[in-house]
Number of protein chains: 2
Amino acid sequence: MEKKLPTRQENFSEWYNQLVLRAELADYAPVRGCMVVRPYGWALWENIQKALDDRFKATGHVNAAFPLLIPQSFMTKEKEHVEGFSPELAVVTHGGGEKLEEPLVVRPTSETIIGTMYAKWIQSYRDLPVLINQWANVVRWEMRTKLFLRTLEFYWQEGHTAHATEQEALEETERMLQVYADFARTEGAVPVIPGRKSESEKFAGAVNTYSIEAMMGDTKALQSGTSHFLGQNFAKAFDIKFLDEGNQLQYCWTTSWGVSTRFIGAIIMTHGDDQGLVLPPRLAPIQVVIVPIYRKNEEKSAVMEAVSAVQAQLKDLRVKVDEREGLTPGFKFNDWELKGVPLRIEIGPKDVQNGTVALSRRDIPGRDGKSFLPMAGLDSAVPALLQTIQDNLLAKATAFRDSHIFEVTDYESFKQVVAEQGWAYAWWSDDRENEARIKEETKATLRIYASDPNLGEGVCFYSGRKTNQKAYFARSY
Amino acid sequence: MEKKLPTRQENFSEWYNQLVLRAELADYAPVRGCMVVRPYGWALWENIQKALDDRFKATGHVNAAFPLLIPQSFMTKEKEHVEGFSPELAVVTHGGGEKLEEPLVVRPTSETIIGTMYAKWIQSYRDLPVLINQWANVVRWEMRTKLFLRTLEFYWQEGHTAHATEQEALEETERMLQVYADFARTEGAVPVIPGRKSESEKFAGAVNTYSIEAMMGDTKALQSGTSHFLGQNFAKAFDIKFLDEGNQLQYCWTTSWGVSTRFIGAIIMTHGDDQGLVLPPRLAPIQVVIVPIYRKNEEKSAVMEAVSAVQAQLKDLRVKVDEREGLTPGFKFNDWELKGVPLRIEIGPKDVQNGTVALSRRDIPGRDGKSFLPMAGLDSAVPALLQTIQDNLLAKATAFRDSHIFEVTDYESFKQVVAEQGWAYAWWSDDRENEARIKEETKATLRIYASDPNLGEGVCFYSGRKTNQKAYFARSY
């Protein structure tokens, strides 16, 4: 057996890095900053994809695929976009053995190439809205990387929509933010807070960026999905126009929104404990692992018969039977705990005699998470138990989050909160320079504004000015 | 209404190009040779993906994701591989504003990067077999491109497996070839012929390549999927070794296999007619289109009520109701015919009165494909009719294929067959130079060897030598 994981207390960052590798979610690729997503990690991502894709289709979106390679000149058409992304580009200069006339960039995001196609496809108000999503890989030349959280290449979905009116585009931006929040809570049991980002934290080229912010186990914030209202910025840069019902030529209003493999990092750092991953049942690649237990070979056939019967009852779930030979039950238990399987069922000779099974919940370690159930009726008892686990994970993460958000009214307590305790929540009067100074001094950034429209009025904790806005500040990934 | 498609007879190539654009399957991207797969084309690809992925999982494979960017030096490690792929590489020379120490290639295929990871992951016979697939985009710098058939970037799946013995790897190669053949016939109604490729047509670095070959509507062949037995070539180049049960260090035996968006081209050119696409029901994004027909507004509500009732009956199918206003039924019929929807249901006021609907089969144009059915019972009648359509498409394509394969015994008739009539099937004695000369003189290539092991013996149509092999020759895409 390898030595234990570092505890989260000892070294949260190292706990994360080792856990990702040992649980076989991902591995380092030969190119600096790139990752290989291993089968267990990819199965988790496929479940995330399915849960999101169903929501996209239910809200009227369709999928398509736009090219990986973008003419470099496209990136320069939107002023803020080029400033934001230029430092991060990977550039193809040679193809088929020859130097290219114009270099191509590997897409860091697809507003420019999709904008170009929309300009071609959209002529009339009858063509609107266009509601397209793509599942894709993108490349951003990041200097400091970490598996899933920030890698040169990552996987995501990017929705790109075009609308006839500002109002519709605003509604779409908000709709997808809420879709993300619902997905994160319902599927990932990650109690995100949705809200608007500040000017200095918004997407390069957006009018406004909204995000879902999650609190990790070390109380740092993780931006876990973003929805951008792009106004007419990209429509003007790429000439996306339509004839309205009055036969007037108008620019479209566009949005874009994305969730990436980073969300796997959110799941790991929201629920994981010192024994390893704790995966939410709705997304777990393996929801139930069955470990057959027998010492003598003559016990085996009766045990395996019971295992098959239980497996048949659970056929609608994602179930794995651990039949590996030559490993002790204890080794197997540790292994599946490391891998975060929500529920373990043990079946031994005594269980066969009694017509029961032993169940262990991953979310409640030790004795308190153990129970015994009759074999008859597992087809309804186990799904119910998985839902209980799912609900408990969300409740635990919500309680953790809420006990680590502190309302502050002065800079001294702000500094203490963001350095040691969690997130600061405070009255805030917009000021780009103050925001930059706070970041410089405390490493904390303005994560999002509170979205409650009826906050009333208060005094900015930093400037002392009157304001009607509150904001969350935290150190972040 | 736009002008009609060119007929296949007039100009098959132009028929294809225009059909892909007009049916909104794909569009040309701003970068030469790249394509945008539009929502209708991508929905078709998603159905292909699902059908293949289910088969991969049923045969024990799992999915993962390996990086897009590969150090250039990796490509040179396998001698034949580098010769085959070097001329087709797209090369990233700059990242994050700086020149890279070592250029990176955009993967044209992933044997090299996956081989590197397998060398790291595989230590013991207990780690074998490794059965991994990935769904990915790849880039090959092709000079002559055609939408779906040959584009700079395309989408595919690539399976990569590692085994302890040659026998297991050979079985895997054959298994996946048969999985592909079954997929193509059952799902695509494309009656492919599976078989081994010649030395000169095999994958760069393979010991043997097997493919499924399909006959297009112009009688040209299209290689529609490949399965490669890689022997120990890549294991030796990338040091993929394991300790066997006797504690001896051995090289693995590996395979790789792929099907790409090219298969969409196979579907278009196998089934399409002069009116447009004809999609096989099992893969069609829309299986049934319902066109409500009414002239006066007072007819509308009764018709739409019946439409809803029919739609409810067909809820397990992929159904679209064409409610577009201001378009004639005739326009709509043409539109859905162009898009290849397998079955059209018309519901008008008379149908409502009679409790019937009118159905039109896409695979049988005109009166013969029309029928009337009672509304009651459509939930079983329509799926049965779709299966009939699926079967008919396969039968038609098989009959077409078989009537365009000609057994030849001399070079004169060979030349006539491959120039005008279809595929030549002939006794063939292996000879690389003869094969090259035939290609040079007739543009026909050896597509595959016949896989019947009991052919007996005959005389090579070209060299006059005795041989126990027969082969298919054809011009191809």
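Restricting attention to segment B:281-333, the residues being closer than 29 Å to B:ALA51 by Cβ and of a type in the set (S, T, N, Q) number 3.
Conditions tested, residue by residue: (1) touching a Phe, Trp or Tyr at 6+ places or on another chain (Cβ under 8 Å); (2) among the acidic types (Asp, Glu); (3) closer than 17 Å to B:THR270 by Cβ.
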site	(1), (2), (3)
B:PRO342	no, no, yes
B:VAL357	yes, no, no
B:ILE364	no, no, yes
B:GLY369	no, no, no
B:LEU385	no, no, no
B:THR388	no, no, no
B:ALA397	no, no, yes
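Within segment B:148-160, the set of residues being more than 11 Å from chain A (Cβ to nearest Cβ) and polar (S, T, N, Q) comprises just one member, B:GLN157.
Say whether the condition of being of a type in the set (D, E, K, R), over 13 Å from the mean Cα position of the chain (by Cα) and assigned to a strand (DSSP E or B) is met by at least one residue in segment A:231-247. Yes, there is a match, as at least one residue in segment A:231-247 is of a type in the set (D, E, K, R), over 13 Å from the mean Cα position of the chain (by Cα) and assigned to a strand (DSSP E or B).
Applying the criterion of being at the interface with another protein chain (Cβ under 7 Å from one of its Cβ atoms) and farther than 25 Å from B:GLY258 by Cβ to the residues of segment B:87-108, the residue that is surrounded by the fewest Cβ atoms within 10 Å (Cβ to Cβ) is B:GLY97. Considering only segment B:200-208, I want to know if a residue exists there that is touching a residue at least 60 places away in the same chain (Cβ under 8 Å), small (Gly, Ala, Ser) and in a helix (DSSP H, G or I). Taking every residue of segment B:200-208 in turn, at least one turns out to be touching a residue at least 60 places away in the same chain (Cβ under 8 Å), small (Gly, Ala, Ser) and in a helix (DSSP H, G or I). Within segment A:117-136, is even one residue buried (at least 18 other Cβ atoms within 10 Å of the Cβ), in the same structural domain as A:GLU172 (by TED's automatic domain parsing) and closer than 19 Å to B:ALA90 by Cα? Looking through segment A:117-136, at least one residue is buried (at least 18 other Cβ atoms within 10 Å of the Cβ), in the same structural domain as A:GLU172 (by TED's automatic domain parsing) and closer than 19 Å to B:ALA90 by Cα. Which numbered condition trips up B:ALA29, out of (1) under 18 Å from the mean Cα position of the chain (by Cα); (2) buried (at least 17 other Cβ atoms within 10 Å of the Cβ); (3) within 14 Å of chain A (Cβ to nearest Cβ)? Here B:ALA29 meets the rest and fails (1).
Scanning segment B:158-197 for residues that are surrounded by fewer than 20 Cβ atoms within 10 Å (Cβ to Cβ) and assigned to a helix (DSSP H, G or I) gives B:GLU166, B:GLN167, B:GLU168, B:LEU170, B:GLU171, B:GLU174, B:ARG175, B:GLN178, B:ASP182, B:ARG185, B:THR186. Considered as a group, the residues in segment A:115-134 that are touching a residue at least 12 places away in the same chain (Cβ under 8 Å) and within 9 Å of another protein chain (Cβ to nearest Cβ) include one that is nearest to the chain's Cα centre (by Cα), and that residue is A:GLN134.
Identify the residue in segment B:316-355 that is under 25 Å from the mean Cα position of the chain (by Cα) and of a type outside the set (D, E, K, R) and, among all such residues, is surrounded by the fewest Cβ atoms within 10 Å (Cβ to Cβ). Ranking the qualifying residues of segment B:316-355, first place goes to B:LEU317.
You will find that of A:TYR118, A:TYR125, the residue that is aromatic (Phe, Trp, Tyr) and farther than 20 Å from A:HIS228 by Cα is A:TYR125 and no other. On inspection, B:ALA235 does not qualify as modelled with pLDDT under 95 and touching a Phe, Trp or Tyr at 6+ places or on another chain (Cβ under 9 Å). Just so you know, in segment B:425-450 the residues that are in contact with a Lys or Arg (Cβ under 7 Å, 6 or more places away or on another chain) and among the small types (Gly, Ala, Ser) include one that is nearest to B:ILE405 (Cα to Cα), and it is B:ALA426.
B:PHE234 passes every criterion in (1) surrounded by fewer than 18 Cβ atoms within 10 Å (Cβ to Cβ); (2) touching a strand residue (DSSP E or B) at 6+ places or on another chain (Cβ under 7 Å); (3) in contact (Cβ under 8 Å) with a residue 12 or more places away in the chain apart from (1).
Restricting to segment B:198-219, count the residues that are charged (D, E, K, R) and surrounded by fewer than 20 Cβ atoms within 10 Å (Cβ to Cβ). Of the residues in that region, 3 qualify.
Within segment A:143-171, being in contact with a strand residue (DSSP E or B) (Cβ under 8 Å, 6 or more places away or on another chain) and among the charged types (D, E, K, R) holds for A:ARG144, A:GLU153, A:GLU158, A:GLU166, A:GLU168. If the condition is being within 7 Å of chain B (Cβ to nearest Cβ) and either free of Cβ contacts under 8 Å to residues at least 24 places away in the same chain or under 26 Å from A:ARG175 (Cβ atoms) (or both), then segment A:47-86 contributes A:VAL62, A:ASN63, A:ALA64, A:ALA65, A:PHE66.
Filtering segment A:243-258 to residues that are in contact with a strand residue (DSSP E or B) (Cβ under 9 Å, 6 or more places away or on another chain) and free of Cβ contacts under 8 Å to residues at least 60 places away in the same chain leaves A:LEU249, A:TYR251. Note on segment A:137-147: among residues that are among the charged types (D, E, K, R) and more than 11 Å from chain B (Cβ to nearest Cβ), the one that is surrounded by the fewest Cβ atoms within 10 Å (Cβ to Cβ) is A:ARG144. So is A:LYS300 within 21 Å of A:ALA384 (Cβ to Cβ) and in the same structural domain as A:PRO349 (by TED's automatic domain parsing) or not? Taking the combined requirement at face value, the residue does not satisfy it.
Counting only helices (runs of 4 or more DSSP H) wholly contained in segment B:256-339, the ones carrying 3 or more residues that are over 20 Å from B:PRO365 (Cα atoms) occupy B:262-271, B:297-313. Test A:ASP379 against the stated conditions and say whether it is outside the structural domain of A:ASP316 (by TED's automatic domain parsing) and among the acidic types (Asp, Glu). In short, no.
The values are calculated or read from the model by the stated rules, or taken from the named source; none is laboratory data. This structure is a prediction, so every number in the text was calculated from the model and none was measured. Note that each Cβ is placed from the backbone with ideal geometry, even for glycine, and that neighbours are counted across all protein chains shown.
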